[in-house]
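Here is the structure we will look at.
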Amino acid sequence: MGGLIERKSKSFYIALVFIFLLLGSNIAIQKWEWTGRVDPLLVWGTVLDIMVVLPVVVFTFLLRRKPTLSVFAPMILLGLLFIHWIVPDYAKEELFLLNVSVLILEAAVVLFEIGMIVLFVKKYPEWKRHFQGASQEYPHLLPRIFAANKRTFDLEGRGRTFSRLSGFLATDVSAVRYALFPRFDRVPPAPNSFSYHQRSEYFGVFLMLVHAMLIEIIAVHVMLMQYSHTAAWIATVLDMYALLFLIGDYQAIRKSPVILEDDRLHIQKGLRFHTVIDTVDIKELAVYEAGDEHWRKDKRAVHLGLAGFEPVPPQLVLELADAVDIHLFFGLKKRVDRIYLTLDEPERFWEAIKREGVVSKDGK
């Protein structure tokens, strides 16, 4: 196992070095013209590197996952902006076909989204009824949206792509709602409610991230404005969205405690993931004792805990009898066998979960 982890780590760093060399060599050839005047063959070599080789390396060695539209589309857009930035003005006519292809792809995505919006407007009264009805079943916002989408649009019958796009839009809508309209959502009133942010250091981390992003937005905008007004505003819009998502995620963390209700455990970690688990499907609750690094490397688990200035291992481990699907942000899913927990009141959660008949392992 140690050798496997070491090999993966080496391949990760080798991929980073390769990407650095790939980007650096293309900047040297195109931007600085170290090899002389840029001809059409060099331009298309750069297009091949940035649009094909780079995504393959990122997905194969860095992310180690199949390409998804939510990651691939922004990567292609950033790649196009990078190419336009480094290719000299006299050679940009070679990019006409690439620009047209990307515009056609973007137009197809926009038309698909418009179709989604039209479908949603037509179904809105039904969707609103399902959303309001789901409030009795799901105390958290994201599961209610997912339930309303599933019952209104028959997601399973429409295919995997439609389902993922629905999840992507649900995350977007939730981010906007939590960040700009926080009064719409309150902490669900429940006797068995367990927060996980009050005793963490995440609020300090959150303030630092917001401060850094505000500085970065201004700095990147000013820097890119010297080269391209369009690129500067595109980068600014993306940065503003990232800031909005960060604020929405923090508001969701505050207003989405773990809730044990009606023989079910409701978990929503900000905008990052959510799930609902029947207590009969919980195999065991145990004190975490596996070491500081074990939970980080566990690919079949998620961690309900918040980052601080120093890494802190989780308090408890929730072992599941059967693997369950965790809904991640932007319509992604992950199948897990256990959930690591870091709560403000772990002892009270321990007692509440024991009252549900779950086997507990003291671990002392």
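Can you divide the C-alpha Rg of the range 221-309 by 2.2 N^0.38 Å and report the result to two decimal places?
1.62
Note down the magnitude of the dipole of the chain about its Cα centre, charges +1 on Lys and Arg C-beta and -1 on Asp and Glu C-beta and zero elsewhere, to the nearest 20 debye.
560 debye
Cα-based Rg of the chain per 2.2 N^0.38 Å, rounded to two decimals?
Taking N as the residue count of the chain, the ratio is 1.14.
Stick to Cα atoms and the Kirkwood definition of Rh, then tell me Rg/Rh for the range 262-309.
Ratio value, two decimals: 0.98.
Quick check: pseudo-label points 7 Å beyond the Cα along Cα→Cβ at residue 263 and residue 183, how many nm apart are they?
4.0 nm
Along each of the three principal axes of the Cα atoms of the range 65-141, give the extent in whole Å, ordering the values from largest to smallest.
Principal extents (Cα only, largest first): 62, 28, 20 Å.
Take peptides 84-95, 41-52 and line them up by average Cβ neighbours within 10 Å, highest first, as a rough protection proxy.
So the order, starting with the most tightly packed, is 41-52, 84-95.
Please quote Rg/Rh for the range 42-89 to two decimal places, taking the Kirkwood radius as Rh and restricting both calculations to Cα atoms.
1.01
How many percent of all Cα-Cα pairs in the range 179-228 sit more than 18 Å apart?
62 percent
Looking at 250, 275, 165, which one has the Cα that reaches farthest to the positive end of the dipole of the range 162-307 (charges on Cβ: Lys, Arg +1; Asp, Glu -1)?
165
Do you know the relative contact order of the chain, to the nearest whole percent, from alpha carbon pairs under 8 angstrom that are 6+ apart?
14 percent
Scaled to the compact-protein estimate 2.2 N^0.38 Å, what is the alpha-carbon radius of gyration of the range 164-256, rounded to two decimal places?
1.33
Compare the peptides 173-182, 111-120, 306-315 by average per-residue count of other Cβ atoms within 10 angstrom and give them in order, highest first.
The most tightly packed comes first, giving 173-182, 306-315, 111-120.
From the convex hull of the Cα coordinates of the range 300-340, what is the mean projected area in square nanometres?
Projected over every direction and averaged, the Cα hull of the range 300-340 covers 3.4 nm².
If the only charges are +1 at each Lys and Arg Cβ and -1 at each Asp and Glu Cβ, what is the size of the charge dipole of the range 184-278 around the Cα centre, to the nearest 20 debye?
The dipole magnitude comes to about 140 debye.
At 7 Å along Cα-to-Cβ for each site, give me the label-to-label distance between residue 290 and residue 75 in nm.
With each label point 7 Å from Cα toward Cβ, the separation is 2.8 nm.
Mind listing P(r) for the range 272-364? All alpha-carbon pairs, 10 Å bins, whole percents.
15, 50, 32, 3
If we sort 326-334, 129-137, 338-346 on the protection proxy, mean other Cβ atoms within 10 Å, highest first, what's the order?
The densest-packed peptide leads the list: 338-346, 326-334, 129-137.
In nm, what is the difference between 0.36 nm times the number of residues separating residue 11 and residue 229 and their Cα-Cα distance?
Working it through step by step, the gained length comes to 74.7 nm.
Please report, to two decimal places, log10 I(q)/I(0) for the range 110-194 at q = 0.20 Å⁻¹ as given by the Debye formula with identical point scatterers on the Cα atoms and no solvent.
Once normalised to I(0) and log-transformed, intensities are -1.01.
Coordinate-derived values only; no laboratory data. Quantities reported herein were computed from a predicted structural model and do not represent experimental measurements. Neighbour counts are summed over all protein chains in view; Cβ atoms, including those assigned to glycine, are modelled from backbone coordinates with ideal geometry.
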